[in-house]
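Only one structure is covered here, and it is reproduced in the block below.
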Amino acid sequence: MRLPLDRIGAFAEYVTVDYEAVAKMPHGYDFVTATAIPLAGLTAYQGIVEELEATSGKTLLITGASGSFGQIAVPVAMAMGLRVIVTGNTRSKEKFLKMGVARYIDYKEENYWEILSDIDYVIDTLGTGEFEHELSVLKKGGRLLSLRTGPNRMFAIRNGVSWFKRMLFTMAGKKYDSAAGEQGKEYRFMFVRSDGEQLKRVTEIVEKYKIMPEVDSRIFSLSQINDALMVVAQGKMNGKIIIRM
Ligand SMILES: NC(=O)c1ccc[n+]([C@@H]2O[C@H](COP(=O)([O-])OP(=O)(O)OC[C@H]3O[C@@H](n4cnc5c(N)ncnc54)[C@H](OP(=O)(O)O)[C@@H]3O)[C@@H](O)[C@H]2O)c1
């Protein structure tokens, strides 16, 4: 599961959550592997279904897809009938090509914005530095969803935040909204939330397509939490970092 937004701390042996936030883990998966699925799976599901409102047969670009989000999001998007193009590191190229992505662009070899155009949707995992490039490859009427760049007016409206936060987010996201609007495109931002029903749907996809996320071989204990965070901060992991309780 993904912890509810008002109880987001997960560095604990026990947590209480509403039953509506949970779903059974995929059949035949061990706890360590299954742990790597909910956050990325729910983000992908909410991003594709609720934010992009993507329809089958359209093309989705995911930048930075070689990380722990992409390894779940890419097969989930493909299972939803999207044609998926990704950018990522050299190491993951073979894995994603085997998965059946339409194109894998190694970010150290090629610039996707010099190759791609007329893309229906983009999911950004890289943040502000990529915004202009991601916008440029979108077709008119296309939608760019960022997991990282920052909230905007639409995020505030969709999440029902206070008047003050709405003002703040509107101002913070104005340059992205304006830049997208000028090109007839739309900018979205999201923050994944818990949802047991959606997680059940993700689990069905995971089981059906036998999606197996990579988990870093170093499994940390609760007392090693700082070491685990250091590995994440340095980005030197091979798959999801797991803390064993
Ligand atoms: N808003 C939300 O609800 C939400 C939900 C989930 C995740 N996120 C965010 O999404 C981001 C990505 O998460 P993650 O867990 O997938 O990160 P991650 O595991 O660190 O993966 C990032 C991947 O991007 C690659 N990369 C780095 N620079 C790149 C570039 N210029 N072009 C293409 N690929 C590049 C990295 O390759 P190297 O090995 O070469 O570094 C790595 O494989 C994080 O910031 C996370 O916080 C947000």
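The values are calculated or read from the model by the stated rules, or taken from the named source; none is laboratory data. Bear in mind the structure is a predicted one, so any value in this text is a computation, not a measurement. Every residue, glycine as well, gets a Cβ built from its backbone with ideal geometry; the counts of neighbours run over all protein chains shown.
If you go through segment 107-116 one residue at a time, how many are touching a strand residue (DSSP E or B) at 6+ places or on another chain (Cβ under 7 Å) and under 12 Å from Gly88 (Cβ atoms)?
2
Would you say Val122 is closer than 29 Å to Leu5 by Cβ, more than 9 Å from the ligand (Cβ to nearest atom) and at pLDDT below 95?
Numbers: closer than 29 Å to Leu5 by Cβ: yes; more than 9 Å from the ligand (Cβ to nearest atom): yes; at pLDDT below 95: no.
No: the conditions fail for Val122.
State all residues of segment 189-242 that are of a type in the set (Ser, Thr, Tyr) and either loosely packed, with under 15 Cβ neighbours inside 10 Å or out of contact with any Lys or Arg (no Cβ under 8 Å at 6 or more places or on another chain) (or both); if no residue qualifies, say none. Quick ask: steps written out before the conclusion?
Start the filter on segment 189-242 by keeping residues that are of a type in the set (Ser, Thr, Tyr), which leaves 194, 203, 209, 217, 221, 223.
Correct list: Tyr209, Ser217, Ser221, Ser223.
Looking only at segment 47-71, count how many residues are within 14 Å of the ligand (Cβ to nearest atom) and farther than 18 Å from Ser146 by Cβ.
Going through segment 47-71 one residue at a time, the tally reaches 1.
Quickly run through segment 188-210 and pick out the residues that are closer than 14 Å to Leu42 by Cα, away from the ligand (no atom under 12 Å from the Cβ) and touching a residue at least 24 places away in the same chain (Cβ under 8 Å).
As a first pass, look at segment 188-210 and keep what is closer than 14 Å to Leu42 by Cα: 190-206.
Filter once more, keeping what is away from the ligand (no atom under 12 Å from the Cβ): 195-206.
Of everything in segment 188-210, those that are closer than 14 Å to Leu42 by Cα, away from the ligand (no atom under 12 Å from the Cβ) and touching a residue at least 24 places away in the same chain (Cβ under 8 Å) turn out to be Asp195, Gly196, Glu197, Gln198, Leu199, Lys200, Arg201, Val202, Thr203, Ile205, Val206.
Sort out which residues of segment 216-241 are away from the ligand (no atom under 13 Å from the Cβ) and assigned to a strand (DSSP E or B), and write them in order of number.
Within segment 216-241, Ser217, Arg218, Ile219, Phe220, Ser221 qualify.
Exactly one of these conditions fails for Gly141: (1) loosely packed, with under 13 Cβ neighbours inside 10 Å; (2) not assigned by TED's automatic domain parsing to the domain that holds Leu116. Give me its number.
(2)
From the list Ala77, Ala44, Ala34, pick out the single residue that is in a helix (DSSP H, G or I), crowded, with 22+ Cβ neighbours inside 10 Å and more than 11 Å from the ligand (Cβ to nearest atom). Show your work before the answer.
Working: Ala44 fails: more than 11 Å from the ligand (Cβ to nearest atom); Ala34 fails: crowded, with 22+ Cβ neighbours inside 10 Å.
When all the criteria are applied, what remains is Ala77.
Going by what's in this entry, would Lys93 be described as touching a residue at least 40 places away in the same chain (Cβ under 8 Å) and surrounded by fewer than 18 Cβ atoms within 10 Å (Cβ to Cβ)?
On the way: touching a residue at least 40 places away in the same chain (Cβ under 8 Å): no; surrounded by fewer than 18 Cβ atoms within 10 Å (Cβ to Cβ): yes.
For Lys93, the condition - touching a residue at least 40 places away in the same chain (Cβ under 8 Å) and surrounded by fewer than 18 Cβ atoms within 10 Å (Cβ to Cβ) - is not met.
Being touching a helix residue (DSSP H, G or I) at 6+ places or on another chain (Cβ under 8 Å) and of a type in the set (S, T, N, Q) is the filter here, so list the residues in segment 17-48 that pass it.
Thr43, Gln46
Filter segment 67-79 down to the residues that are over 23 Å from Lys139 (Cβ atoms) and over 11 Å from the mean Cα position of the chain (by Cα) and list them by number.
Residues of segment 67-79 that are over 23 Å from Lys139 (Cβ atoms), as a first pass: 67-69, 71-72, 75, 79.
Once the filter is applied, which keeps residues that are over 23 Å from Lys139 (Cβ atoms) and over 11 Å from the mean Cα position of the chain (by Cα), segment 67-79 yields Pro75, Ala79.
How many residues are near the ligand (Cβ under 10 Å from one of its atoms) and surrounded by fewer than 20 Cβ atoms within 10 Å (Cβ to Cβ) if we restrict to segment 127-136?
To start, the set of residues in segment 127-136 that are near the ligand (Cβ under 10 Å from one of its atoms) comprises 127, 129-130, 133.
Checking the rest, the ones that are also surrounded by fewer than 20 Cβ atoms within 10 Å (Cβ to Cβ) come to 127, 129, 133.
Selection size over segment 127-136: 3.
Where in segment 129-215 are the helices (runs of 4 or more DSSP H), entirely inside, with at least 3 residues that are among the β-branched types (Val, Ile, Thr)? Working first, answer last.
On the way: elements: 131-137, 153-158, 163-182, 196-208.
Passing ranges, in order: 196-208.
For Gly88, indicate whether it is near the ligand (Cβ under 8 Å from one of its atoms), within 15 Å of the chain's Cα centre (by Cα) and under 26 Å from Met237 (Cα atoms).
Numbers: near the ligand (Cβ under 8 Å from one of its atoms): yes; within 15 Å of the chain's Cα centre (by Cα): yes; under 26 Å from Met237 (Cα atoms): yes.
Criteria met by Gly88.
Residue check: is Leu61 in a loop (DSSP other than H, G, I, E, B), touching a residue at least 60 places away in the same chain (Cβ under 8 Å) and either surrounded by fewer than 18 Cβ atoms within 10 Å (Cβ to Cβ) or in contact with a Phe, Trp or Tyr (Cβ under 9 Å, 6 or more places away or on another chain) (or both)?
On the way: in a loop (DSSP other than H, G, I, E, B): no; touching a residue at least 60 places away in the same chain (Cβ under 8 Å): yes; either surrounded by fewer than 18 Cβ atoms within 10 Å (Cβ to Cβ) or in contact with a Phe, Trp or Tyr (Cβ under 9 Å, 6 or more places away or on another chain) (or both): yes.
Against the criterion (in a loop (DSSP other than H, G, I, E, B), touching a residue at least 60 places away in the same chain (Cβ under 8 Å) and either surrounded by fewer than 18 Cβ atoms within 10 Å (Cβ to Cβ) or in contact with a Phe, Trp or Tyr (Cβ under 9 Å, 6 or more places away or on another chain) (or both)), Leu61 does not qualify.
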